[in-house]
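Notes follow the structure.
Only the coordinates and a few stated rules stand behind these numbers; no lab work does. Predicted model only: the values in this text are computed from it and were never measured. Here the Cβ is made from the backbone with ideal geometry for all residues, glycine too, and neighbour counts use every protein chain on show.
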Amino acid sequence: MEEQQIFKLIVNVIETESRAVASLMDQIKPSILKAIQIMFNCQGHVIVSGSGTSHAVALRFAHLLSCVGTPAFFLHPGDSQHGAAGVVRPEDVWVGISKGGETAEVCYLAGIAKKRGAKVLAITENTDSTLGKLADLTLEVKAPEGVDPFDMVATGSSLVNSAFCDAICVALLNLRGYSLEQFGETHPGGAVGQKLKGIL
């Protein structure tokens, strides 16, 4: 493959993924407002889980939620079957991310969270899936066809899900009136911490 072909391929990937993220604007439904309210009113932690590439999306989502004033953490679906599910409490909100909604360990953890009295939210493209049916509220997120290599390698679709989660984080930040000063208290390290010292 020649360099010029590779360059064109790279540009095409970026353009394709940009259009995929933009497609979210036509997918926003009232269910996202309900989900935001549930997380806003959460008296415990927002616990986020996913496997495979959804693991990375879930881990990122949990981190950003904590950054904007919503206490959250990632719970590995596999570890949850070996005792880690003991952290789930009735006052928590559990969020499961699964493209097809049939990932066995994610669905199993959804069942545990439901049994323990936590609010169960699902982010999936298949609302009729096992995860979708287990959830108290299902958020449908569909990446356009052709955004992933082989329609399987979750490059663009993970980006779409991340953008969807970002919108939730920013909404919660604004609902809480979360200030730069508060953010500075939780992020004193690294280049961001140094930048904040010069501002606050």
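Exactly one condition in (1) assigned to a helix (DSSP H, G or I); (2) of a type in the set (V, I, T); (3) surrounded by 17 or more Cβ atoms within 10 Å (Cβ to Cβ) is not met by V95; state its number.
The failed condition is (1).
Listed residues S54, S49; which is among the hydroxyl-bearing types (S, T, Y) and either touching a Gly at 6+ places or on another chain (Cβ under 6 Å) or within 20 Å of K34 (Cβ to Cβ) (or both)?
Numbers: S54 fails: either touching a Gly at 6+ places or on another chain (Cβ under 6 Å) or within 20 Å of K34 (Cβ to Cβ) (or both).
Just a single option satisfies the conditions, and that option is S49.
Could you grab me the full set of residues in segment 157-167 that are under 9 Å from the mean Cα position of the chain (by Cα) and either closer than 12 Å to A35 by Cβ or not in a helix (DSSP H, G or I) (or both)?
Pass one, segment 157-167, residues under 9 Å from the mean Cα position of the chain (by Cα): 161-166.
Passing the criteria: F164, C165.
Keeping to segment 115-136, report how many residues are hydroxyl-bearing (S, T, Y) and not in a loop (DSSP other than H, G, I, E, B).
Keep residues of segment 115-136 that are hydroxyl-bearing (S, T, Y), which gives 124, 127, 129-130.
Now restrict to residues that are not in a loop (DSSP other than H, G, I, E, B): 124, 130.
Looking only at that region, the number is 2.
When you go through (1) buried (at least 17 other Cβ atoms within 10 Å of the Cβ); (2) part of a loop (DSSP other than H, G, I, E, B) one by one for E102, which number turns out not to apply?
(1)
Identify all residues within segment 37-63 that are among the aliphatic types (A, V, I, L, M) and surrounded by fewer than 20 Cβ atoms within 10 Å (Cβ to Cβ); write none if there are none.
Residues of segment 37-63 among the aliphatic types (A, V, I, L, M): 38-39, 46-48, 56-59, 62.
Passing the criteria: I38, A56, L59.
Do any helices (runs of 4 or more DSSP H) entirely within segment 1-69 hold 1 or more residues that are acidic (D, E), and if so, which? It would help to see each step written out before you state the result.
On the way: elements: 3-22, 30-40, 53-67.
The qualifying helices (runs of 4 or more DSSP H) are 3-22.
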